[in-house]
Structures are given as C-alpha cells and as structure tokens.
Amino acid sequence: MSAQWPVKILLIHPKAPFLTRDKIIIAADCAALLNEEIGQIFRSGEPVIIGCPLLEDPHRMMNKIALIVGEAKAKEVEVYTMEVPCCHAIHMMVTKMIRESGKDIKSRHYIVRVLTRRAEPYKPGAIDESMIRAEREAHVH
C-alpha cells in the first residue's frame, strides 16, 4: 500500500519524500482511473501524481511540474494521459520542464485509449480518428 499523499500535482510539495524515488509517474486524472496498470503502480508504492490541464490552471500546473522536476531525484518520468487532444498538454509540459531543468531525466510517454483502457506509446503531434471520436463524445454534449 502506498503511503503517498497528496496525489494532485497542484497539491504536491516539490520536496515531498516520495519524490526521492528513481521514477515518478505523472498522469491525467482520467487515465489514472481508467487504466488499471497505473492503479497497480500506485498501490505498489511508486509515486503517481495526477492532474487535469482542462480543469486546472495549466500555467500553475506547468509551474508546479517545473518545481517537481527541479527538486525530484528521479532519473525517469513516465507520463500517462487520455487519448483526447486536451490531455496532450501534460506531455508537452513534462517534456519542456525536463529539457529546461538541464537534468538527465529519461521520459516515456503513453496515452490511454478510451475504449480499451489500455496504454500505448504516445506519438507527439499524431491525432487519429479514435482521438477525434473520443473528444467529440466527451465534449460535444
């Protein structure tokens, strides 16, 4: 069982003890709930922090990610978002903040598909028909 709390990006203190681990998972709120693997990672004790660039102030989120990346001891960051385009901002934020930190941190990026709930590698700039359909279903109503 994980002793990590809080889990929301905006609530995390950049010097939180759980950020001294070698790997940090940064996930969109929805991805963390839909993809069982992320839940298992969290329950195993690995740090998982979550946020939503659509519902939270993206500037505050990016600044907090910068602080976390700057203070964390992680050598690796994994990013999980939903396939919808609004989630892609998290990938861009993490990539930018790692680059600007000057640290040697590896990052791996994934999207979680709405229908299958499975994670697959994220391809920057790639938007396929499934992503467009998911976005329409989520936000057109």
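Read-outs throughout are calculated quantities, based only on the coordinates presented, and are distinct from any laboratory measurement. Everything numeric here is computed off the predicted structure, so don't read it as measured data. With ideal geometry, Cβ positions are generated from the backbone for all residues, glycine too; neighbour counts draw on all protein chains shown.
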- Percent antiparallel among DSSP beta bridges confined to the chain, nearest 5, equals 15 percent
- Using bins 5 angstrom wide from zero, how does P(r) for the chain break down, in % of all Cα pairs? 2, 10, 21, 24, 21, 13, 6, 2, 0
- Nearest 0.05, what FRET efficiency do ILE127 and LYS73 give at R0 = 35 Å with Cβ-Cβ as r? 0.50
- Taking H placed 1.01 Å from N in the peptide plane, check which residues at least 5 places from ALA27 or on another chain put their amide H under 5 Å from its amide H. ILE49, ILE50, GLY51, TYR80
- Query: Using DSSP loop states and a limit of at most 15 other Cβ atoms within 10 Å to flag trypsin sites (Lys or Arg not before Pro), what is the longest stretch of the chain containing no flagged site?
  - Reply: 16-72
- Query: Picking from LEU33, LEU55, LEU11, which is most flexible by a Gaussian network model of the chain using Cα springs under 10 Å?
  - Reply: LEU55
- Task: Of the options PRO14, PRO85, THR95, report the single residue whose Cα projects farthest towards the positive end of the charge dipole of the range 9-139 (beta-carbon charges: Lys, Arg +1; Asp, Glu -1).
- Result: PRO14
